[in-house]
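Here is the structure we will look at, set down as structure tokens.
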Amino acid sequence: MMTEEQKKQIELENKKIADNLQHIKHRIVVFSGKGGVGKTTVSVNLAYGLHLHGNKIGILDADVTGPNVPKMIGVQDKLHVSENNIIPQECNGVKVVSMANLMSPDQAVIWRGPMRSKLLNQFLGDVEWGNLDYLVADLPPGTGDEILTITQNMKPDMAIIVTTPQEVSLIDSARAISMAKKMNIPKITLIENMSGLICPKCGHRIELFGIGGGKSQAEEMNIAFLGAIPINLEARKLADEGKPIVIENKEADISITIFHIVRKIEDLCNDNTKTTMS
């Protein structure tokens, strides 16, 4: 049972976070029920896609134990602190904060849940995000402590669940959708990633993980389906080089799909109606 002093401390922390985030118009969390579905690649390219549409963007890398956002956008410098505030890194016009910029590349973060949640509250309350149109939080896979912390304190207006078409991924994404509904996130959406590969030699489409599973799940669980993103070998190579493909090759099939999804996100965020029923 919490003491009055502990309750007061939590109230002060929540107020600090609310005050710090008040100049952010839209807050998006990107879920995946399991690892290996390309969630961070989707998060990064959606964020830069939104930026290329003229929006002010921040990316919060909320995967404390497996932070990969800086690698994918080419940010290597350490985070700076000024008067007890954290100054986000900026790359190609997008602000980013990640645990990866607080430690050496080979250092493991061996923290229990409360420590990870405390760091995320610092990222929400102490980072000088400034005026943003969208803050995109790339969450860790699963349904653990960090996701609870972010959804409770960030108060997102949209959740994007990333899945692949295969059944084993859809089972876990269904859990992520259910969690988003329980957290009362107003707009819950789904993206099918790794949805087919166009052979670079013959042009034939190969369905490596099946087809249509994400769209069917969105319909069954009464949430908005944003689109199906194809596998693209160039996107994988560029991610390793710290270059989002939507910046490097706007005409690639994956980039065109992402720009279509970005327009849907903008439309949904500016629509005051809910996109799901509990």
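The values are calculated or read from the model by the stated rules, or taken from the named source; none is laboratory data. Not measured: the values here are computed from a predicted model. Counting neighbours? That spans all protein chains shown, and the Cβs are built from the backbone with ideal geometry, glycine included. In case anyone asks, the SASA skips ligands and DNA or RNA and just uses the protein heavy atoms, side chains included. Shrake-Rupley method; radii C 1.70, N 1.55, O 1.52, S 1.80 Å.
Filter the stretch 129-148 down to the residues that are in contact with a His (Cβ under 7 Å, 6 or more places away or on another chain) and open to solvent by 20 Å² or more (accessible area, probe 1.4 Å), then identify the one that is modelled with the lowest pLDDT.
Gly130
Please specify each residue of the stretch 232-248 satisfying the condition of being under 24 Å from Leu208 (Cα atoms) and either open to solvent by 40 Å² or more (accessible area, probe 1.4 Å) or small (Gly, Ala, Ser) (or both).
Step one: list which residues in the stretch 232-248 are under 24 Å from Leu208 (Cα atoms), which gives 232-240, 244-246.
Result: Leu233, Glu234, Ala235, Arg236, Lys237, Ala239, Asp240.
Of the conditions (1) open to solvent by 10 Å² or more (accessible area, probe 1.4 Å); (2) of a type in the set (A, V, I, L, M, F, W, C); (3) under 13 Å from Asp138 (Cα atoms); (4) in a strand (DSSP E or B), Val81 fails just one. Which one is it?
(3)
I need the full set of residues from the stretch 1-51 which are among the polar types (S, T, N, Q), under 19 Å from the mean Cα position of the chain (by Cα) and in a loop (DSSP other than H, G, I, E, B), in order please.
Kept after step one, since they are among the polar types (S, T, N, Q), are these residues of the stretch 1-51: 3, 6, 9, 14, 20, 22, 32, 40-41, 43, 45.
Now narrow it down to the ones that are under 19 Å from the mean Cα position of the chain (by Cα): 32, 40-41, 43, 45.
Correct list: Ser32 only.
What residue, of Ala252, Ala224, is free of Cβ contacts under 8 Å to residues at least 24 places away in the same chain and touching a helix residue (DSSP H, G or I) at 6+ places or on another chain (Cβ under 8 Å)?
Working: Ala224 fails: free of Cβ contacts under 8 Å to residues at least 24 places away in the same chain.
Just one listed residue meets the conditions, Ala252.
What do you reckon, is Val81 out of contact with any Asp or Glu (no Cβ under 6 Å at 6 or more places or on another chain), within 25 Å of Thr189 (Cα to Cα) and β-branched (Val, Ile, Thr)?
Numbers: out of contact with any Asp or Glu (no Cβ under 6 Å at 6 or more places or on another chain): yes; within 25 Å of Thr189 (Cα to Cα): no; β-branched (Val, Ile, Thr): yes.
Against the criterion (out of contact with any Asp or Glu (no Cβ under 6 Å at 6 or more places or on another chain), within 25 Å of Thr189 (Cα to Cα) and β-branched (Val, Ile, Thr)), Val81 does not qualify.
Quick one: count up the residues across the stretch 93-126 that are surrounded by fewer than 21 Cβ atoms within 10 Å (Cβ to Cβ) and not in a helix (DSSP H, G or I).
Residues that pass the stated criteria total 12.
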